[in-house]
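Everything on this sheet refers to the single structure shown next.
The values are calculated or read from the model by the stated rules, or taken from the named source; none is laboratory data. Quick caveat: nothing in here was measured; it's all calculated off a predicted structure. Here the Cβ is made from the backbone with ideal geometry for all residues, glycine too, and neighbour counts use every protein chain on show. Note: areas computed on protein heavy atoms with side chains; ligands, DNA, RNA excluded. Shrake-Rupley method; radii C 1.70, N 1.55, O 1.52, S 1.80 Å.
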Amino acid sequence: MITDPLFYALAVPAVVLLGLSKGGFSGVGAVSMPLLALIISPVQAAAILLPILILQDLVGVWAFRRVWDRRIILITLPAATLGILLGYLLAAQVSVNVVLGLLGALSILFALQRFWVERRGAIIAPGGANPIVGAAFGVASGFTSQIAHAGGPPFSMWVLPQGLSPAALAGTTAVFFAAVNWIKVPAYIALGQFTPANLMTAAALAPVAILSTMAGVWLVRRVPAEPFYRLVYALMILTGAQLVWRAFAA
């Protein structure tokens, strides 16, 4: 188990951000991996975070179990499984920093474009979303989730414009990533990253994970739809900027 106080000084805020993300504030959790990567290796950080993500998923899925969009899940989840497999097979050939830099830039451009479009009153209806495009974003989400737990922005790029209620968006996101994170488990076992030290460190952070996710659930149910979406787009811009900074800093 990690005992360095500096690690926990970064890990606790990282887990809180993940909890808020799982509770419905999609995007903000992408900052967590880079925070931990400041003090430990990215591979170890990902291995510690995965059990925490799975625990937070349980809270999120239970809280929003009645308000998730099945059509979106049926389109994106099979594609995400392919993306996870590609991420596992191509991990040695792909520069994580390049992928995250591109992802960050796309997140910023997407959020700015949504601010502009919705300011003019144009929102895509859920039934009109192209499933082929949705599957492509599903592959991208699975791929970036496998290599860096950063699958949120690609998923959000397809789902956010569909105008779901805040609760439905949170529920759909929770169900999607609950499945995605379980699908990633065999790859992390194969990589030998679930060591006793990493699992004990994740267990020590578990109470923070549960409480922060519950706080996110409580907040998202009390934020009106229009301010909620503006907040999510703003978080995407901040997250995208952080990912771009991480890529250039490396």
**Study point:** Cα-projected label distance for L6 with R70, points at 7 Å along beta-carbon direction, nm
**Key:** 5.2 nm
Review point. Taking only DSSP H segments of four or more residues, each worth -39500 (n - 2.57), what value at 222 nm results for the chain once the sum is divided by all its residues, to the nearest 500 deg cm²/dmol?
Key: -25500 deg cm²/dmol
Practice item. Calculate what fraction, in whole %, of the accessible area of the stretch 145-250 sits on carbon and sulfur atoms when a 1.4 Å probe is rolled over the protein chains. Key: 75 percent
Review point. Rounded to the nearest whole Å², what accessible area per residue is found for the chain with the 1.4 Å probe?
Key: 44 Å²
Revision key, fill the gap. If the label point sits 7 Å along Cα→Cβ of V94, residues of the stretch 50-83 with amide N under 13 Å come out as 80-83
Review point. Among (1) 17.4; (2) 11.1; (3) 12.1, which is the computed mean projected area of the Cα convex hull in nm²?
Key: (3)
